[in-house]
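Structure, as structure tokens:
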Amino acid sequence: MKKVVFLLAILFYTNCSSQESSTYREMKADKSMSEFFIDEELEDLSMIVNFFESEICLDKSRPKVDCYYEYNKNTITSAVYGNKELELPIDYKLQQKLYSKIDSLFFKEIWIDKTYFDGFDLDTEVTEKSYDLNLFGKYILFLKSLKKEDVLFRDFYDLFYMSNEISFGVQSTVFYQFEKKEFKGIKRRLFFAIYYLTVNDKKHNYKSRKP
């Protein structure tokens, strides 16, 4: 009986270990990420990356860097250089379900609803229905902390600090030039996952600023 219980315990442990996200393990192994975020936050961040990759990389045998490169290139080519409406093959309903799985407090460290004033009427506030990055949230501050490590994160933080919103049209002119090597590494994958999910959220809330 003891042997049976012991074997079941081993099987249970093995199963749990196999279910642990490889993305999460990458994040844990990354010194800057593991020092900046607690384990629960890394689990949420790995969930975000895993969801994005499941949407852009249907062939699981393909290298992830290829999926990111082609997705970025095709999206910008079609929308900017093809003069077509922005198309993002990301299931927004599934994206909303992803939101519900993220800790609500940590979610606000990444995304927030913004409030604007209606023109010159400072008494009329307009709350944007789409999410944008939180300028003072932990995720943006993480990018800021990497300014000496990665020029992309430095430049993105500086631009976002000035505008306080993501602009696909502005970033696309730079991102279009990126080669495959620009998408290597778990921090780069996280960056582009959050970036494109934010753009997708804006796309589905286009009229967000109308009172």
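Filter segment 157-179 for residues that are in contact with a Phe, Trp or Tyr (Cβ under 8 Å, 6 or more places away or on another chain) and either polar (S, T, N, Q) or open to solvent by 60 Å² or more (accessible area, probe 1.4 Å) (or both); which is farthest from CYS67 (Cα to Cα)?
Taking the candidates together, the pick is GLN171.
Is it the case, given these coordinates, that TYR99 is at pLDDT 95 or above and of a type in the set (Ser, Thr, Tyr)?
yes
Would you mind listing the helices (runs of 4 or more DSSP H) fully within segment 24-112 where at least 3 residues are open to solvent by less than 50 Å² (accessible area, probe 1.4 Å) and either farther than 15 Å from ASN200 by Cα or among the β-branched types (Val, Ile, Thr) (or both)?
It comes to 31-36, 39-56, 64-76.
Do we find that LYS138 is of a type outside the set (S, T, N, Q) and closer than 20 Å to ASP44 by Cβ in this structure?
yes
Restricting attention to segment 171-207, report how many residues are free of Cβ contacts under 8 Å to residues at least 60 places away in the same chain and polar (S, T, N, Q).
Residues in segment 171-207 being free of Cβ contacts under 8 Å to residues at least 60 places away in the same chain and polar (S, T, N, Q): 2 in total.
The values are calculated or read from the model by the stated rules, or taken from the named source; none is laboratory data. The model shown is predicted, which means the values in this text are computed figures rather than measured ones. Positions of Cβ are generated from backbone atoms using ideal geometry, with glycine treated the same way; all protein chains shown enter the neighbour counts. What goes into the accessible areas is simple: the full protein's heavy atoms, side chains included, and nothing from ligands, DNA or RNA. Shrake-Rupley method; radii C 1.70, N 1.55, O 1.52, S 1.80 Å.
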